[in-house]
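These notes concern the structure reproduced below.
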Amino acid sequence: MEKRNQIYEGKAKRVYETEDPELLIVSYKDDATAFNGLKKGSIAGKGVINNQMSNRLMAKLAPYGVPNHFVQELSERETLVRRVNIVPLEVIVRNIAAGSFSKRYGVEEGVVFSQPTVEYSYKNDDLGDPLLNTSHALALGLATEEEIATIRRYALMVNTFLKDFWHSCGVILVDFKLEFGRTGSGEIILADEISPDTCRLWDEKTHEKLDKDRFRRDMGGVEQAYQEIMQRLLEHI
Ligand code: TMP
């Protein structure tokens, strides 16, 4: 399958059409941004790691019962995926307080929840991806009630799967962000990526951060953290 015209360029990926109208090629970049593009940089090798990690996790999630866009890895940075219309919601699941949750609610990072939280942001860069609830999403016509219920169910299934998987790697899954899409026939499937860009992952013993927070917070050791987490994944998947 060959790339045809580029139809989208995001902060971390380019998307191309193919000869099949139902399939797209995603190409992962090393570019990294944070704070809605305010902070810009590059993480050497990130595109390769995010592509390969996301594909391996999505390949496990399909038989687990979470349909998703992954079709076939084409190269280190490129993957064939099902074409979807992205539902403009960022779906965030949290097991432990961190990041914007800690800031918004005044909770120390590291506080463990008795059950996971699910929250939604309106995927809209001009507005800074504002937090919204399901009635807001319905009022804005972003998704139907049934779609939101499906998205929530899948998001919690992804959490159960990922929490167990990362635990087998000696890693704590703190939180993560998912995006879903609608196929041509209207089916809701998981899309976008699951990577250290979109998850918070802490070493179980040391609580060392093995994710994009090292870039967001200028902690150093960014490339090494991405390599370390990929190594752990490859040893246990
Ligand atoms: P937050 O604590 O900043 O809201 O982030 C929650 C999770 O979502 C964290 O794992 C990082 C991820 N995330 C993204 O993937 N993209 C984003 O634009 C933001 C803000 C967070």
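The values are calculated or read from the model by the stated rules, or taken from the named source; none is laboratory data. Bear in mind the structure is a predicted one, so any value in this text is a computation, not a measurement. When we count neighbours, we look across all protein chains shown, and the Cβ atoms used for this are built from the backbone with ideal geometry, even at glycine.
So is ALA44 in a helix (DSSP H, G or I) and surrounded by fewer than 16 Cβ atoms within 10 Å (Cβ to Cβ) or not? No; evaluated as a whole, the condition is false for this residue. Among the residues of the stretch 154-165, none qualifies, meaning not one is assigned to a loop (DSSP other than H, G, I, E, B) and among the polar types (S, T, N, Q). For the stretch 145-161, a residue qualifies if it is within 12 Å of LEU89 (Cα to Cα) and surrounded by fewer than 18 Cβ atoms within 10 Å (Cβ to Cβ), and exactly one does: ARG152. Of all residues in the stretch 14-29, one or more are within 16 Å of the ligand (Cβ to nearest atom) and basic (Lys, Arg). Scanning the stretch 115-143 for residues that are among the aliphatic types (A, V, I, L, M) and in contact with an Asp or Glu (Cβ under 8 Å, 6 or more places away or on another chain) returns LEU131, LEU138.
Taking the criterion of being under 17 Å from the mean Cα position of the chain (by Cα) and assigned to a loop (DSSP other than H, G, I, E, B), the residues of the stretch 181-237 that qualify are ASP192, GLU193, ILE194, SER195, PRO196, ASP197, THR198, LEU210, ASP211, LYS212. Which of the residues belonging to the stretch 33-51 are more than 22 Å from HIS69 (Cβ to Cβ) and aliphatic (A, V, I, L, M)? Listed by number, the residues that qualify are ALA34, LEU38, ILE43, ALA44.
Please go through the stretch 99-118 and give me each residue that is on the phi > 0 side of the Ramachandran plot and out of contact with any helix residue (DSSP H, G or I) (no Cβ under 8 Å at 6 or more places or on another chain), ordered by number.
Scanning the stretch 99-118 gives GLY106, GLY110.
Just one residue in the set ILE151, ILE92, ILE86 is touching a residue at least 60 places away in the same chain (Cβ under 8 Å), within 12 Å of the ligand (Cβ to nearest atom) and touching a Phe, Trp or Tyr at 6+ places or on another chain (Cβ under 9 Å); that residue is ILE92. Report, ordered by the first and then the second residue, all pairs with beta carbons closer than 8 Å, sequence separation of six or more or different chains, a first member in the stretch 198-211 that is modelled with pLDDT of 95 or more, and a second member that is more than 16 Å from the ligand (Cβ to nearest atom) and not in a loop (DSSP other than H, G, I, E, B). The qualifying pairs are GLU204/HIS167; LEU210/GLU228; LEU210/ARG232. When the stretch 95-122 is limited to residues that are within 9 Å of the ligand (Cβ to nearest atom) and of a type outside the set (Gly, Ala, Ser), the one that is nearest to the chain's Cα centre (by Cα) turns out to be GLU119. When LEU57, LEU24 are checked against the criterion of being closer than 22 Å to ARG216 by Cβ and surrounded by 20 or more Cβ atoms within 10 Å (Cβ to Cβ), LEU57 stands alone in meeting it.
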